[in-house]
Amino acid sequence: MDDGAEPVKPTPDIGRGPRHVAIIMDGNGRWATQRGRPRLFGHHAGARRVREIVEACPDLGVKYLTIFAFSTENWKRTQVEVAGLMNLFRRYITKEARALREAGVRVRFIGDRVRLDAKLVEMMDELEHLTRENDRVHLTIALNYGGRDEVARATRRLAEDVAKGRLDPATVNEETLPKYLDTCVLPDPDLVIRTSGEARISNFLLWQSAYAEYEFIDTLWPDFTRAEFARLVQGYSTRDRRFGAVPA
């Protein structure tokens, strides 16, 4: 996946850096509009930026990267934009599959696949299978994903287990539901970044981000560089994370 860019210098204190970073990749449409181009032009530029950020992860000590590609609310966009995005996802998988495997990236998809095109779902399954042995970076792509929808689906599965006698409701606690979430095999995110200047979480990883640190930055996603990514990761290592406790 080498595109000739300079490698990112490792963080000075990589052990204190975030192990799992989640990114709300916002601003593609505005980036394109500022250049007098259609919104899909910005989405294609944003897809290229993903490669650069994935490549930066190992040097920064980031083992898990989760990106918000398409939300359950994004179906409200124009039919042309939605169709273009679905085509972009298919192109991304076709173009990047081999490079991701060779770079040691394991790919997972989270979200509700029921509404997605059968061919796209097949390609997603194939990419997950192709990269299943990789462990250098774990890239999770949230596609047709919504945090509330994920919790609702998880709760239904939990309720089904209770109804079938596989789960004692008296044993259900805050550690039970995560086992039913799309992210059940992943650690919770340590740092959530949102680009484009919007200061909201937009229904992304609602349960998992309870104790995450947040960074809301003005940069539009296609302009988000590995240098800025490194700066945010390094800034995280200086924070005092108490998880509700007080200093000794």
Notebook entry, point to check: Does the stretch 154-171 contain at least one residue that is of a type outside the set (A, V, I, L, M), under 30 Å from residue 17 (Cα atoms) and touching a residue at least 12 places away in the same chain (Cβ under 8 Å)?
Noted result: no
Check: Can you tell me which of 220, 181 is closer than 26 Å to residue 132 by Cβ, touching a Lys or Arg at 6+ places or on another chain (Cβ under 9 Å) and buried (at least 19 other Cβ atoms within 10 Å of the Cβ)?
Finding: 181
Next item on the list: Within the stretch 50-79, count every residue that is outside any helix (DSSP H, G or I), crowded, with 17+ Cβ neighbours inside 10 Å and out of contact with any Cys (no Cβ under 8 Å at 6 or more places or on another chain).
Entry: 10
Notebook entry, point to check: What are the residues in the stretch 200-215 that are farther than 19 Å from residue 146 by Cβ and either open to solvent by less than 20 Å² (accessible area, probe 1.4 Å) or in a loop (DSSP other than H, G, I, E, B) (or both), if any?
Noted result: 211
Next item on the list: Name the single residue, out of those in the stretch 158-169 being over 21 Å from residue 207 (Cα atoms) and small (Gly, Ala, Ser), that is farthest from the chain's Cα centre (by Cα).
Entry: 165
Margin query: If a residue must be over 30 Å from residue 229 (Cβ atoms) and not aromatic (Phe, Trp, Tyr), how many such residues does the stretch 161-195 contain?
Written below: 18
Next item on the list: Please specify each residue of the stretch 80-112 satisfying the condition of being among the charged types (D, E, K, R) and open to solvent by less than 60 Å² (accessible area, probe 1.4 Å).
Entry: 81, 96, 108, 112
Next item on the list: Please indicate, with yes or no, whether at least one residue in the stretch 186-194 is exposed (fewer than 14 other Cβ atoms within 10 Å of the Cβ) and in contact (Cβ under 8 Å) with a residue 40 or more places away in the chain.
Entry: yes
Note to self: Residue pairs, Cβ under 8 Å, 6 or more apart or interchain, first in the stretch 97-110 and of a type in the set (Phe, Trp, Tyr), second open to solvent by 20 Å² or more (accessible area, probe 1.4 Å). List them.
What the structure shows: 109/128
Check: Under the condition of being under 20 Å from residue 228 (Cα atoms) and open to solvent by 10 Å² or more (accessible area, probe 1.4 Å), which residue from the stretch 25-43 is nearest to the chain's Cα centre (by Cα)?
Finding: 25
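The values are calculated or read from the model by the stated rules, or taken from the named source; none is laboratory data. This one's a predicted model, so the numbers in the text were calculated from it and none came from an experiment. All Cβ positions, glycine included, derive from the backbone under ideal geometry; neighbour counts span all protein chains shown. Quick note on the areas: whole protein, heavy atoms, side chains included, nothing else; ligands and nucleic acids left out. Shrake-Rupley method; radii C 1.70, N 1.55, O 1.52, S 1.80 Å.
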